[in-house]
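Here is the structure we will look at, set down as structure tokens.
Just so it is clear, none of the values below were taken in a lab; they were calculated from the coordinates. Since we're looking at a predicted model, the values are computed, not measured. Neighbour counts run over all protein chains shown; Cβ positions are idealised from the backbone, glycine included.
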Amino acid sequence: MIDYSDGMNAKKTATGGHFHAVRFYENEAALCRIVAGFLREGLSLGQPGLVIGTSEHNNGILAELRAREVDVVGLQKSNDLVLVDAAETMATFMVDGTPNGDRFNETATQIFARIRRGRSGVTIRAYGEMVDLLWKAGRDVAAIQLEMLWNKLARTNEFSLLCGYAMGNFYKDAGVLDVCRQHTHIVSSDGAASVSNVDTLLIGALPDLGKNPGPTSRHSPR
């Protein structure tokens with residue numbers, strides 16, 4: 001199992017920031033396994049989970065959690081594991097094709113409140129792919145704006161966020177750097193998280209793109 005907590009703590013120590021990782025994926029089954037591992041580790045640490053995905057991915061992630069003997073039924077009943085539809089959630093805050101900051105904050109904080117249930121000091125582990133839906137639709141500017149809203153929200157809310165982007169949406173790496181600049185970590189195909197510093201790391205942090213790896217701060221699987 002990948003220990004994401006080490007990477008989160010390292011990044012917070014270095015920058016005072018939060019954990020906001022991205023996985024560029026080609027294989028949807030592998031993506032679901034990575035997300036399930038990320039969520040399961042958080043659940044074992046007392047961190048509730050949130051998934052904002054397509055119905056296909058939500059079901060795949062649930063299946064992977066069940067395969068890891070996670071009580072998904074009990075967790076969903078207690079709202080310690082919440083899954084919502086990405087397109088439906090996004091529709092609550094999009095205005096004229098652009099994410100509205102106030103509406104986004106309202107939507108996100110309502111979901112967080114549902115999960116926290118009045119508990120203080122609770123860090124939520126979240127996976128989201130609303131940005132991927134925007135990118136697939138050719139609305140890359142809106143996707144970056146949404147990433148920025150997540151980063152702004154992290155100033156006042158405790159959560160660790162993993163985003164998924166389908167690699168087929170990127171032509172010859174176009175836009176990859178823009179996405180990486182909004183994230184603290186990049187997750188590789190084996191689920192390991194490398195610190196994202198695009199000024200020195202650049203596309204070298206993305207071994208799946210066939211580049212030579214650059215310097216990384218990478219932790220190993222257990």
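Here are some notes:
- Estimated translational D of segment 88-133 in µm²/s (Stokes, Kirkwood radius over Cα pairs; 10 °C; 1.306 mPa s): 135 µm²/s
- Couplings 3J(HN,Hα) of segment 125-135, computed from phi: 9, 10, 10, x, 9, 5, 4, 5, 4, 5, 5 Hz, in residue order, whole Hz [Karplus 6.51 cos²θ - 1.76 cosθ + 1.60, θ = phi - 60°; x for Gly and Pro].
- If you take all other residues with their beta carbon under 13 Å from the beta carbon of Gln47, and give Lys and Arg +1 and Asp and Glu -1, the sum is +1.
- Nonlocal amide H pairs with Arg23, under 5 Å, H built at 1.01 Å: Cys163, Gly164, Tyr165, Val187
- Cα shape, segment 9-124, gyration tensor, a/c 1.5 rule: rounded
- Most to least packed among 153-159, 21-27, 137-143 [average Cβ atoms within 10 Å]: 21-27, 137-143, 153-159
- 3J(HN,Hα) along segment 157-163: 9, 8, 7, 10, 10, 10, 10 Hz, from the Karplus curve 6.51 cos²θ - 1.76 cosθ + 1.60 with θ = phi - 60°, whole Hz, x for Gly and Pro.
- Counting Lys and Arg as +1 and Asp and Glu as -1 over every other residue whose Cβ lies under 12 Å from the Cβ of Ile124, the net charge comes to +3.
- Prolate/oblate/rounded call for segment 26-88, Cα gyration tensor, a/c under 1.5 rounded: oblate
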